[in-house]
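Enquirer: Take this structure, written in C-alpha cells, and hold onto it; I'll ask about it next.
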Amino acid sequence: MLSTLKRIVQEVNATSDLGQALSVIVTRVKQAMKVDVCSVYLLDPASDQYVLMATDGLNPASVGVVRLARGEGLVSVVGETEEPLNLDDAPAHPRYHFVAETGESYYHGFLGVPIIHHRSVMGVLVVRQKDQRRFDDDELAFLLTVAAQLSSAIALAIVSGDIRGLAQAHGDSGLKPIQGLAGAPGVTIGTARVIYPATDLDAVPDRQATDIDAEIAAFHAALVAAREDIRLLEVHMGESIAEEDRALFHAYSLMLDSPGLERQTVERIRAGNWAAGALRDTIREHTRVFDAMEDPYLRERAGDVRDIGLRILARLQNIGGQEHVYGANTILVGEEITVSMLAEVPLESLAGVASVRGSTFSHVAILARSLGIPAVLGLSELPVTRVDGSELVVDGYRGWIYVSPSATVRAEYERLIGEEQQLTAGLEELRDLPAVTLDGIHVPLYANAGLVSDVMPSLRHGAEGIGLYRTEFPFMVRNRFPGEEEQLRIYRQVLEALTPRPVTIRTLDIGGDKMLSYFPIHEENPFLGWRGIRVTLDHPELFLIQLRAILRADIGLGNARLLLPMISSVGEVEAALKLIRRVHQELREGGEDAVLPPIGVMVEVPSAVYQIESLASRVDYLSIGSNDLTQYMLAVDRNNARVAELYDALHPAVLQALTYAMAGAQRAGKPIGVCGEMAGDPAAVILLLGMGVSNLSASVASLPRIKRVIRSFSVAQARDILDQVLLMEDARQIRDYVNGVLEQAGLGSLVRVGQ
Ligand code: PEP
Ligand code: MG
C-alpha cells in the first residue's frame, strides 16, 4: 500500500490543475482498493453544499451537478463528525440519502473520510462497494492518508481559482487570504509577475500568449538550439565515455526529435498558453507516462524527459519573448525571490514582493524594507504557477496576500492604502518632536538596522540612535568571514553616520534561520541548537576579531554599545565579558585609545527572564528580543506560516514574562529596552510603557506611529491599561481591548493601518 500511495502522490503532484488531480485520485484509489466507486465531494462554503467534484464508478455526468446540502446524506455525517464512517450497508443508515443522478442504487459498502485543512472540513473522500462489506483498518488508514495529502492541494486550488466557481457562484465571500510571513510593512495592490529560475520547470507559470506565432517561433528556435546542445555535449564527451553509454545521448536526441513533443507543445501554444507554459505541460504529460510504469528502468526515463524539458526551457529563456517586461505596479512573485531578481525590476514599476520561500530575515525582506516595498514571504500555499497576471493584494503588515481579491476585499484595501498615505503625511510632522509621554517621561526611540543602507532612513524617520544593529547581515552578504579591517570599515561607517547618537552593535547572531553560506550548520532543530553566543563562544577566534573591529571602530567616537545575543545562562555572559575585557586591554596595551563600551545582554530565552537580576548585575543594560522570546515561550517557530496564528507577543504568558523581566531589571537599577518587532506594534507599545520600558527599538517604518502612541498616553494611564490586561486570559481579548483604547484615544487609524 505504501508504494501505491507514494505513486499516487507523485502522480497527483505532476498534474497541473485540480480537476486532473482529483481524477487521478479517484481512478487510482478505486484501482488500489479494488472498490466499485471512488468519489470526491468538496464543500462549497458559500452555498453550504457538498459538490461532487470527481468520480470513478458513478455516472460521470453527475460531476458538478450533484449537490448535497449540509446535513444531507452520509457525506454530511462524515463532514459533521470529522471522522471516518465505515458501513457495510449504507442504505440502512438513517441519514442515507438516495441521489438518482449518480446511478448509485446498488451500492452497500461505504467508507467516507473527511478532507481537513487547517482544522476545517473541505470535503469528503468516499469509496463504495456493491456488496455488503466493512472496510478493514489498513484500507481505512490508506484512505485517510490519501485525504490528508489531498487537503493542501484543494486549499491551493481554491486559492488559485481552480474551483473558484464553487466560491464565486455564490458571491465573493469565499476568497480568503493566503497566510505567509510579514517581510516588509505596507499594503499594495498590483499585478503578479512570476519569476522562476531556468532550473525549475515546475515553477514556470501559465501566461497568456500575446503573439501566438512569435511564441511558436521561439519554441522552435529553442528546440533547434537544445538539439545542438546535445550534439555538442556528445562531441565534447567524445572518446572519454564508452560507446554504449553514448547511446544515452542518442536517446536524448530521439526524445528531442519526437513528433509528440513538438506537436503537443505547439497545440498548447495555439490554445493560448505561452511557449514555456505549454512546454511545461507537455513535459509533465510525458513524465507522467514514464512515472506510472512498473519497470524501474523505464520509470527512470522520466528524469531524462525532465532534463530535456529544462534544456529547452533554458534556451527559451535566452531567446526571450515575454520575459522581461515589467508593467506598472508589478508584484514580483516566485518560489524564491532573491535580491538579484528584485534588483532587476525598475523601482518605479515595483509595487510588492510575494515569495514562497524566505522569512522576515531573508535578505530580500531586508532590502524590501529599505526600499519601502511591501513584502510577504514564506507563502507555502501560494500556487505560484497559476497566478501570473492575476491581481494581488499584498498586506505586508499581516503577512497576507489575496489572489484576485473580491470586490469587497479590494475596496477595503484601497481604503487602507488611502488611510496609510494620509497617516504617513500626518506622521511626518512628528519627526522632530520628542518621544515623550503625556506625563513627561522620555522613552528613547531607536531603529533596528542590518545594512548600511538602513542607517540613513533611520535618521530621516527621527530615530535617536540604532537600538539593534544586526551584524550577521554584513556577514551574510559576503562569501567568507569578513576580516577585522573589513568589519572595522563597516562599523565605523555606521558609528560615524549616527554620532553622537548611540549605536547598539549586536555580536554575530548566526544559527537558527540565519545561515552563512560559507559556514553551514546542519542540525535537526536549529532554533534550539548552535545559535548566537553559543557559536561565538565556541569560536573565540571569530568573536575576538569582531570585538576588536567594533572597539577599534569606536575609537574617537564613543557611541558604540555592545549587545550579546541568545544568552541563556550567567556563565555565557561571564565568558563573553572576559573576552571583551581581554580585547580592550590588548588594544590599550597596543597603544590604541579604545574604550570599553556599555555592554548589554539580550533577553530572548525564557531562562534569561527568570535570571534577570543575576544577568543585570553583570552588565550595563538589557534588551528584550521579543521575536525569539515569543517563539520560545509559546513553542511556536517564528518562521512557520502553518503555526503563525499561534504566534502572538500579546499572549498573556509572554506579557507576564515581560512584566517579570522589567521589574527585575528595575530592581537591579539597569535600563531595559525592547528591540523585537513588538516594539513596532502600537497596542504592545502601550503595555510596554505600562511595564516601565526604558527604550524601544523598531523597524524604521514603524517609528513615527510608535512616537504618536508614546505622545498620546501618560505612563500612569498605560499602567492602568496593563493592570486590566494582566487579568485577561487570551491574546485576542487583549488585542481587542487595547485596540479599543487606541480607538478611544483617536489613534484608530494606527490600529486599522498596519494591524
Ligand atoms: C529578537 O529575537 O527579538 C531579536 C530582536 O533578534 P532577532 O530578531 O535578530 O533574532
Ligand atoms: Mg533574536
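The values are calculated or read from the model by the stated rules, or taken from the named source; none is laboratory data. As the structure is a computational prediction, the values presented were derived from the model and not from experiment. When we count neighbours, we look across all protein chains shown, and the Cβ atoms used for this are built from the backbone with ideal geometry, even at glycine.
Enquirer: Quick one: which of Leu342, Leu279, Leu313, Leu350 is within 28 Å of the chain's Cα centre (by Cα), modelled with pLDDT of 90 or more and hydrophobic (A, V, I, L, M, F, W, C)? Full working, then the answer.
Expert: Details: Leu342 fails: modelled with pLDDT of 90 or more; Leu279 fails: within 28 Å of the chain's Cα centre (by Cα); Leu313 fails: modelled with pLDDT of 90 or more.
Unique residue meeting the criteria: Leu350.
Enquirer: With of a type in the set (Asp, Glu), more than 16 Å from ligand 2 (Cβ to nearest atom) and free of Cβ contacts under 8 Å to residues at least 12 places away in the same chain as the only criterion, which of Glu420, Glu428, Glu412, Glu484 stands out?
Expert: Details: Glu420 fails: free of Cβ contacts under 8 Å to residues at least 12 places away in the same chain; Glu428 fails: free of Cβ contacts under 8 Å to residues at least 12 places away in the same chain; Glu484 fails: free of Cβ contacts under 8 Å to residues at least 12 places away in the same chain.
Just a single option satisfies the conditions, and that option is Glu412.
Enquirer: Could you list, in sequence order, the residues of the stretch 653-697 that are within 16 Å of ligand 2 (Cβ to nearest atom) and among the basic types (Lys, Arg)?
Expert: none
Enquirer: Based on what the data block shows, is Leu688 buried (at least 22 other Cβ atoms within 10 Å of the Cβ), at pLDDT below 95 and not assigned by TED's automatic domain parsing to the domain that holds Ala375?
Expert: Details: buried (at least 22 other Cβ atoms within 10 Å of the Cβ): yes; at pLDDT below 95: no; not assigned by TED's automatic domain parsing to the domain that holds Ala375: yes.
Considered against the rule, which asks whether it is buried (at least 22 other Cβ atoms within 10 Å of the Cβ), at pLDDT below 95 and not assigned by TED's automatic domain parsing to the domain that holds Ala375, Leu688 comes out as no.
Enquirer: Working only within the stretch 482-520, note down all residues that are of a type outside the set (D, E, K, R) and under 19 Å from Ile567 (Cβ atoms).
Expert: Taking the stretch 482-520 and keeping what is of a type outside the set (D, E, K, R), we get 482-483, 487-488, 490-491, 493-495, 497-500, 502-505, 507-508, 510-512, 515-520.
Thr504, Ile505, Thr507, Leu508, Ile510, Gly511, Gly512 - these are the residues of the stretch 482-520 that are of a type outside the set (D, E, K, R) and under 19 Å from Ile567 (Cβ atoms).
Enquirer: Here's something else I'd like to know. Does the stretch 510-524 include one or more residues that are within 16 Å of ligand 1 (Cβ to nearest atom) and either of a type in the set (S, T, N, Q) or at pLDDT 95 or above (or both)? Let's see the steps before the verdict.
Expert: Restricting attention to the stretch 510-524, the residues satisfying the condition of being within 16 Å of ligand 1 (Cβ to nearest atom) are 510-516, 521.
So of that shortlist, the ones also either of a type in the set (S, T, N, Q) or at pLDDT 95 or above (or both) come out as none.
There is no residue in the stretch 510-524 that is within 16 Å of ligand 1 (Cβ to nearest atom) and either of a type in the set (S, T, N, Q) or at pLDDT 95 or above (or both).
Enquirer: With (1) surrounded by fewer than 16 Cβ atoms within 10 Å (Cβ to Cβ); (2) closer than 30 Å to Val636 by Cα; (3) of a type in the set (D, E, K, R) as the list, and Glu485 as the residue in question, which single condition is left unmet?
Expert: (2)
Enquirer: Please work out if Val477 is at pLDDT below 85, under 26 Å from the mean Cα position of the chain (by Cα), within 16 Å of ligand 1 (Cβ to nearest atom) and surrounded by fewer than 23 Cβ atoms within 10 Å (Cβ to Cβ). Break it down into steps so the answer makes sense when it comes.
Expert: On the way: at pLDDT below 85: yes; under 26 Å from the mean Cα position of the chain (by Cα): yes; within 16 Å of ligand 1 (Cβ to nearest atom): yes; surrounded by fewer than 23 Cβ atoms within 10 Å (Cβ to Cβ): yes.
Yes: the conditions hold for Val477.
Enquirer: Looking at (1) touching a residue at least 60 places away in the same chain (Cβ under 8 Å); (2) on the phi < 0 side of the Ramachandran plot, can you tell me which one Gly358 breaks?
Expert: (2)
Enquirer: In the stretch 15-72, what residues are under 21 Å from Thr287 (Cα atoms) and among the charged types (D, E, K, R)?
Expert: Asp17, Arg28
Residues are listed down the side, and each one gets a yes or a no for (1) farther than 23 Å from Leu18 by Cα; (2) aliphatic (A, V, I, L, M); (3) buried (at least 20 other Cβ atoms within 10 Å of the Cβ):
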| residue | (1), (2), (3) |
| --- | --- |
| Gly64 | no, no, no |
| Glu80 | yes, no, no |
| Ala100 | yes, yes, no |
| Val124 | no, yes, yes |
| Thr145 | no, no, no |
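Enquirer: When Asp509 is evaluated against the numbered criteria (1) part of a helix (DSSP H, G or I); (2) under 24 Å from Ser607 (Cβ atoms), which criterion, by number, is the only one it fails?
Expert: Of (1) part of a helix (DSSP H, G or I); (2) under 24 Å from Ser607 (Cβ atoms), only one is false for Asp509: (1).
Enquirer: Something else about it: Please pick out the residue among Ala644, Ala653 that is more than 15 Å from ligand 1 (Cβ to nearest atom) and more than 19 Å from the chain's Cα centre (by Cα). Let's see the steps before the verdict.
Expert: On the way: Ala644 fails: more than 19 Å from the chain's Cα centre (by Cα).
Residue meeting the stated conditions: Ala653.
Enquirer: Which one of the conditions (1) outside any helix (DSSP H, G or I); (2) within 16 Å of ligand 1 (Cβ to nearest atom); (3) more than 16 Å from Leu703 (Cα to Cα) does Gly467 fail to meet, given that it meets all the rest?
Expert: Checking Gly467 against (1) outside any helix (DSSP H, G or I); (2) within 16 Å of ligand 1 (Cβ to nearest atom); (3) more than 16 Å from Leu703 (Cα to Cα), the one that fails is (3).
Enquirer: Kindly list the number of the only condition in (1) touching a helix residue (DSSP H, G or I) at 6+ places or on another chain (Cβ under 9 Å); (2) outside any helix (DSSP H, G or I); (3) buried (at least 22 other Cβ atoms within 10 Å of the Cβ) that fails for Ser458.
Expert: (2)
Enquirer: Can I ask one more? If you take just the strands (runs of 3 or more DSSP E) that sit entirely in the stretch 306-424, which of them hold at least 2 residues that are β-branched (Val, Ile, Thr)? Spell out how you get there, then give the answer.
Expert: Working: elements: 330-334, 350-355, 375-377, 391-395, 400-403.
It comes to 330-334, 391-395, 400-403.
Enquirer: Taking into account only those residues within the stretch 53-62 that are out of contact with any Ser or Thr (no Cβ under 7 Å at 6 or more places or on another chain) and surrounded by fewer than 17 Cβ atoms within 10 Å (Cβ to Cβ), which is farthest from Lys130 (Cα to Cα)?
Expert: My answer is Ala61.
Enquirer: Restricting to the stretch 567-604, count the residues that are within 16 Å of ligand 1 (Cβ to nearest atom) and closer than 15 Å to Tyr621 by Cα.
Expert: 6
Enquirer: On to the next question. With Glu101, Glu72 as the choices, which residue is farther than 17 Å from Leu144 by Cβ and modelled with pLDDT under 90?
Expert: Details: Glu72 fails: modelled with pLDDT under 90.
Going through Glu101, Glu72 in turn, the sole match is Glu101.
Enquirer: Report, by residue number, each residue of the stretch 681-738 that is of a type in the set (Ser, Thr, Tyr) and either over 22 Å from Gly450 (Cα atoms) or outside any helix (DSSP H, G or I) (or both). Give the steps one after another, and end with the answer.
Expert: Step one: filter the stretch 681-738 for residues of a type in the set (Ser, Thr, Tyr), giving 694, 697, 699, 702, 712, 714, 737.
Selection gives Ser694, Ser697, Ser699, Ser712, Ser714, Tyr737.
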